[in-house]
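In what follows, a structure is listed as C-alpha cells, so that the remarks can point back to it.
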C-alpha cells in the first residue's frame with residue numbers, strides 16, 4: 001500500500017474516533033438533561049396563544065370588586081336590626097377580625113340564612129375548611145365558623161373569599177362554654193380537628209339561623 005493510502009486511513013480513522021467521542025458526549029449531556037428536567041405534564045385546555053392568567057394581588061384580594069353591590073345596610077334596615085338585636089339571643093363571642101364586617105357604620109358582620117359550624121379546635125389550615133366552604137358556595141349561603149382561634153393565613157383566605165363575593169365567611173372566636181351555647185341555639189353539632197382532617201362534615205352537623213350578627217365582642221342569633 002502506498003504511503004498516501006496509509007495517511008488517508010489514519011486521518012479517516014482519527015476523524016471517526018473524534019466524531020464518536022464528541023457524539024457520545026452530546027448524547028450523555030442530553031440524557032443527563034432529560035433525567036434532571038421536570039416530567040412533561042400537559043395542562044388541560046391550555047394553548048400557547050391563550051393570555052396569561054391574572055392573579056390577585058394582596059391589595060385586590062382585600063378590595064371588593066366594583067361589580068359587586070355594597071354590603072352596607074340602609075338606615076331603615078339598620079334601625080330595624082338594632083331593634084331586633086335587643087330581643088335576640090346574644091353570646092359574648094365576637095369576630096376574629098374587623099375585616100369581616102359588612103356594615104361600615106356599625107362594624108357588624110350581618111349574615112342572613114347562614115350555615116353555622118361549631119369547631120372544637122383551633123383552625124390553622126384552610127384545607128381543613130374546604131368541604132365546608134364548598135357547601136356554602138354550592139348553597140349560596142353564608143358560613144359562620146365558630147372556633148377557639150384561627151391562624152392568620154386562614155383569616156386572610158376567608159377574608160378574600162368574603163370580599164370577592166365567593167362565600168361570605170363570619171369567623172367567630174369562642175371558648176368552650178360559648179361554643180356550646182351557640183351549638184344549642186343553632187342546632188349545630190361540634191366538629192373536631194380529626195373530623196375536619198378526615199373530611200367529615202355531614203350536612204346534619206351544620207346549624208342554621210335566620211340572621212347572624214357579630215361585632216368584635218358579641219354575636220347575636222335571630223331566629224327565622
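The table below lists the values:
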{"quantity": "Checking residue 109 against (1) within 22 Å of residue 187 (Cα to Cα); (2) in contact with a helix residue (DSSP H, G or I) (Cβ under 6 Å, 6 or more places away or on another chain); (3) at pLDDT below 95, the condition it does not meet", "calculated": "(3)"}
{"quantity": "Residue list for segment 168-196, filter: free of Cβ contacts under 8 Å to residues at least 60 places away in the same chain and within 21 Å of the chain's Cα centre (by Cα)", "calculated": "194, 195"}
{"quantity": "Number of the exception - residue 79 against (1) part of a loop (DSSP other than H, G, I, E, B); (2) modelled with pLDDT of 60 or more; (3) surrounded by 10 or more Cβ atoms within 10 Å (Cβ to Cβ)", "calculated": "(1)"}
{"quantity": "Residue 221 assigned to a helix (DSSP H, G or I), touching a strand residue (DSSP E or B) at 6+ places or on another chain (Cβ under 8 Å) and buried (at least 20 other Cβ atoms within 10 Å of the Cβ)", "calculated": "no"}
{"quantity": "Residue within segment 191-204 that is modelled with pLDDT under 95 and under 23 Å from residue 99 (Cβ atoms) present", "calculated": "yes"}
{"quantity": "Residue identified as surrounded by fewer than 15 Cβ atoms within 10 Å (Cβ to Cβ), part of a strand (DSSP E or B) and in contact (Cβ under 8 Å) with a residue 60 or more places away in the chain among 210, 199, 165", "calculated": "210"}
{"quantity": "Residues of segment 138-162 that turn out to be more than 14 Å from the chain's Cα centre (by Cα) and surrounded by fewer than 17 Cβ atoms within 10 Å (Cβ to Cβ), as a count", "calculated": "5"}
{"quantity": "Answer residue from segment 83-96, given it is in a helix (DSSP H, G or I) and touching a residue at least 12 places away in the same chain (Cβ under 8 Å) and is nearest to the chain's Cα centre (by Cα) among those", "calculated": "85"}
{"quantity": "Selection status of residue 132, in contact with a strand residue (DSSP E or B) (Cβ under 6 Å, 6 or more places away or on another chain), more than 23 Å from residue 85 (Cα to Cα), in contact (Cβ under 8 Å) with a residue 40 or more places away in the chain and assigned to a helix (DSSP H, G or I)", "calculated": "yes"}
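The values are calculated or read from the model by the stated rules, or taken from the named source; none is laboratory data. None of these values were measured; they are calculated from a predicted model. Quick reminder, even Gly has a Cβ in these numbers, built from the backbone with ideal geometry, and neighbours come from all protein chains shown.
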